[in-house]
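Structure first, commentary second.
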Amino acid sequence: MNPPIENSKNTSPKKWIIIVAVILVVGGVIYYFVNHKKTAIETFETSKAHYGYIAKSITATGTIQPVDTVAVGSQVSGVIKNIYVDFNTVVKKGQLIATIDPSIILAQKEQSTANLANVESNLKFQQSTFERQNKLFVLGAISKADFQIAQNGFSSAKAAVDNAKAQLKITTKNLFYTNIYSPIDGMILNRNVSEGQTIAASFNAPTLFIIAKDLTKMQVRAAVDEADIGEVKSGQNVSFTVDAFPDEIFKGKVQQILLHAKVTANVVTYTTLINVDNTSLKLKPGMTASINIYTKEEAKALLIPSKALIFKPDSIAVKQFIIVNAKKEKATSTENSDIQKAKVWTKSGDTLFEKIIAIDMSDDTNVKVTQGLTAGTDVITNSINPNEKATKSTTQTSPFMPKMGRRNAPKTNK
């Protein structure tokens, strides 16, 4: 009977090995689920309510132009004889910038001068005739009809002299107008004529040059939509960019709203004039500006991120945290029914609290809080699932692809 006893002694250690292995496996499973449960707790992104600058703005497009421009024309017709300036030439007031061939007007002046001499000679003759006839009429030697004829000839001669003098003045003035002078200090923006070109000033004065008075002071003519024009007022701050300097923000102020509406493709817009300092001379006439007009601004407002208003606890958070809705708390009292209300969530330990707040304006990044929060309060803006985070961290992405991770909210520049 000894062999069976030896058999049981040999198999006993195997049983213990199996039992220990089973215990280790069960312990590992329990340890995995316990630790998995701990790491699966949802976390949140938060942001503190803080005081800062916020503004409400409307957008528009416009064209940059000099504040004051002068169109230089010609009052006489003729051939352009000389041009002394070109595009971008800086000119002074009274500077000669072009001349028109004066030969025809010189001939007209000579004709007017000769005509004046002729009528003056006739005036002397008619005056002497009148004086002689007047003496004879007083003596009764001639009839009254002869006297009146002499008197009329003298009056007509005087009128002819006055007319000839006026004609001479006109031709002299026209001769002066053959010299084109700059009416202001400025810069030539446009030159519409060339030497040898014939201009006709019979009906309208042709524009020869356009001169900008001061390019260090520019003006943006913004086309503001009729839906936004009610919020625009003189003195409001403006910022804008141009394609030539996309990374630079230029500033200005609303000067005036022109009441004459423009209709383009059934869209009604109002031209709004915006004054801009252009000391750097970076802004050029004709540039297109992308404009923001700040209709409402506040330098010290209580702000929270706009995305805090759209956060709601998901199903995972409901299982893992105690949810306290706003109806279980004392409601925020608001006397004014026009105040806009919103809901945000805060966290304390394992409890999520819903709060009703009053908001005023938003710039799409931050929102102004008027009631319901104090500075320094953390509000939840987003939830983070650790499982999703772990999955993302193990995913390989190309270094040439743009980053798709969470971005910080852009700061609002003052």
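The values are calculated or read from the model by the stated rules, or taken from the named source; none is laboratory data. Fair warning: this is a prediction, and the values are worked out from it, not measured in the lab. Reconstructed Cβ throughout: ideal geometry from the backbone, glycine too, with neighbour counts over all protein chains shown. What goes into the accessible areas is simple: the full protein's heavy atoms, side chains included, and nothing from ligands, DNA or RNA. Shrake-Rupley method; radii C 1.70, N 1.55, O 1.52, S 1.80 Å.
Give me the net charge for the shell around THR374: Cβ to Cβ below 12 angstrom, other residues only, Lys and Arg +1, Asp and Glu -1.
Details: positive: LYS48, LYS355; negative: ASP378.
Around THR374, the surrounding residues sum to +1.
For GLU45 and VAL70, FRET efficiency with R0 = 56 Å and r from the beta-carbon atoms, rounded to 0.05?
On the way: r = 59 Å, r/R0 = 1.06.
Plugging the Cβ-Cβ distance into 1/(1 + (r/R0)^6) gives 0.40.
Please give me, ordered by residue number, the chymotrypsin sites (Phe, Trp or Tyr not before Pro) of the stretch 109-214 that lie in loop per DSSP and have at most 10 other Cβ atoms within 10 Å. It would help to have the intermediate numbers written out before the result.
Numbers: sites: PHE125, PHE130, PHE137, PHE147, PHE154, PHE176, TYR177, TYR181, PHE203, PHE209; in loops: PHE203.
Counting only loop positions with at most 10 other Cβ atoms within 10 Å, the chymotrypsin sites (Phe, Trp or Tyr not before Pro) in the stretch 109-214 are PHE203.
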Two-decimal Rg to Rh for the stretch 155-293 - Kirkwood Rh, Cα set: 1.20
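Could you order LYS93, LYS173 so the one with the most accessible surface comes first? Probe is 1.4 Å.
Working: LYS93 150, LYS173 100 Å².
Reading off the accessible areas and sorting them downward yields LYS93, LYS173.
For an R0 of 30 angstrom, estimate the FRET efficiency from the Cβ-Cβ distance between LYS92 and ASN163 and round to the nearest 0.05. Provide the component values of the computation, followed by the final result.
On the way: r = 39 Å, r/R0 = 1.29.
Efficiency for this residue pair is about 0.20.
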Nitroxide proxy distance, nm - points 7 Å out along Cα→Cβ at ILE249 and LYS14: 8.1 nm
Full-extension gain in nm, ASP146 to GLN340, via 0.36 nm per residue minus C-alpha separation: 59.7 nm
Per principal axis, descending, Cα span of the stretch 69-219 in whole Å: 81, 32, 24
Diffusion coefficient, µm² s⁻¹, Stokes-Einstein with Kirkwood Rh over alpha-carbon pairs of the stretch 222-295 at 4 °C and 1.567 mPa s: 99 µm²/s
Contour minus Cα-Cα distance for LEU136 and THR264 (0.36 nm per residue): 37.9 nm
The stretch 87-108-the stretch 187-253 distance, computed between alpha-carbon centres (Å): 26 Å
Local electrostatic count at ALA150 - Lys and Arg +1, Asp and Glu -1, tallied over other residues with Cβ under 15 Å: +3
ILE30 versus ILE384: modelled label distance in nm, points set 7 Å from Cα along the beta carbon direction: 3.2 nm
Solvent-accessible surface ranking, highest first, for VAL224, VAL22 at 1.4 angstrom: VAL22, VAL224
Contour excess over end-to-end distance, with Cα ends at GLN197 and LYS282 and 0.36 nm allotted per residue: 27.2 nm
Label-point separation in nm, ASN292 to ILE257, each point 7 Å along Cα→Cβ: 2.1 nm
